[in-house]
Amino acid sequence: MSNTPFMTLERYIVDQERRHPEATGELSRLLSDLSIAAKIIARETTKAGLIEILGFSGSTNVHGESQKVLDLYAHDMLFKAMDHGGHLCVMASEEQEDIIHIPKQHRIGKYVLLFDPLDGSSNIDANVSIGTIFSIYTRISPDDGPGTLEDCLQPGYKQIAAGYVIYGSSTMLVYTTGSGVHGFTLDPSVGEFLLSHPNIKTPKKGRIYSINEGNYKYWHPGIKRYIKWLQEEDQKTSRPYSSRYIGSMVADIHRNLLYGGIFLYPGDSRNPQGKLRLMYECNPMAMIIEAAGGRASDGYKRILDIQPTSLHERAPIIIGSEEDVLMVEKFIAEADLNNED
Ligand code: AHG
Ligand code: MN
Ligand code: MN
């Protein structure tokens, strides 16, 4: 018999809270509500191949991308799970243009929730891992009214919690409140998330790189030189690195978090701000990776220090093992200094 403690997500959250007597319990209830939405989305994603849920829904989201039925389902499910708990004052989703107010009949709380309901959704039809990403802030507007756009547009270093759910060969929920990163695996037979990865630390240096190399032609010269450098042979620096790219940010970063490595979605000459959204993707993943001992940058500065100006803005991102991210920053700085193109 294994001597690993039988620790459900619920029990873990409550235990953590007991260690912080000043905590009100609201954040715990918020995370617990989120885990319920995650279980329902997990249930639907595993059925995706069986029902008519596959295929395009026919509408387009604010980023001009086709939305799949499951994207919308996950968005609705998160809203429904989170609108009445009394902990939130406002929400924002990658799939909705404007901020989402809490319905009038429900109590308003002090937290702000931003989410990417389904990440990597172009992979659904191929049965490849997808995810949900969430980011939590404390409101800055007066607490007697509804939440505002300003509550949502806070820089990432102000997040009080962030996490993701990965719907893969198993479903996992990974979250941090800043000091440690904890991973829970869903036992589908009992419907509980069980602590499977306590206090995750990412290696300081990895041997994996993840980037869409189809964009090579459009990259910054520093990124081009860095990727070519990774492909050279050098035992001392464990090169060449292996290339792994799933095309679901959650899955690519989850793997690199555990094994070490680097994920890049840089800006390029066609899309100077890259592709990934600051509020729903870059900030929460950056908080998790930093809490695990890694680093997240836009090539020049820390992701978490970017002051957002709009809800759906994008940011270049280079994220993962600290030494690897530092090396990319060095290549970019050198290329800039030498005016390479
Ligand atoms: P989403 O499904 O939420 O729109 O996100 C897709 C993102 C991200 O998950 C992934 O890393 C990236 O798109 C892949 O983009 P490319 O196909 O351009 O490589
Ligand atoms: Mn996404
Ligand atoms: Mn999405």
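A compact table of results
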{"item": "Expected 222 nm ellipticity per residue - DSSP helices of 4 or more, -39500 (n - 2.57), all of the chain, to 500", "result": "-8500 deg cm²/dmol"}
{"item": "Cα centroid separation - region 94-155 against region 262-304, whole Å", "result": "19 Å"}
{"item": "Sum of side-chain charges, Leu173 neighbourhood, beta-carbon under 13 Å (Lys, Arg +1; Asp, Glu -1)", "result": "-3"}
{"item": "Peptides ranked, highest mean first, by Cβ atoms within 10 Å: ranges 182-191, 318-327, 300-309", "result": "318-327, 182-191, 300-309"}
{"item": "Gain in span if fully extended, Val62 to Val128, counting 0.36 nm per residue against the direct Cα distance", "result": "21.3 nm"}
{"item": "Segments 279-292, 150-163 sorted - mean Cβ within 10 Å per residue, highest first", "result": "279-292, 150-163"}
{"item": "Cβ crowding within 10 Å averaged over residues, with 208-219, 89-100 ranked highest first", "result": "89-100, 208-219"}
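Readers should treat all values here as calculations from the given coordinates under stated rules, not as data from a laboratory. Values in this document were obtained by computation on a predicted structure and should not be read as measured data. Positions of Cβ are backbone-derived with ideal geometry, glycine not excepted, and every protein chain shown enters the neighbour counts.
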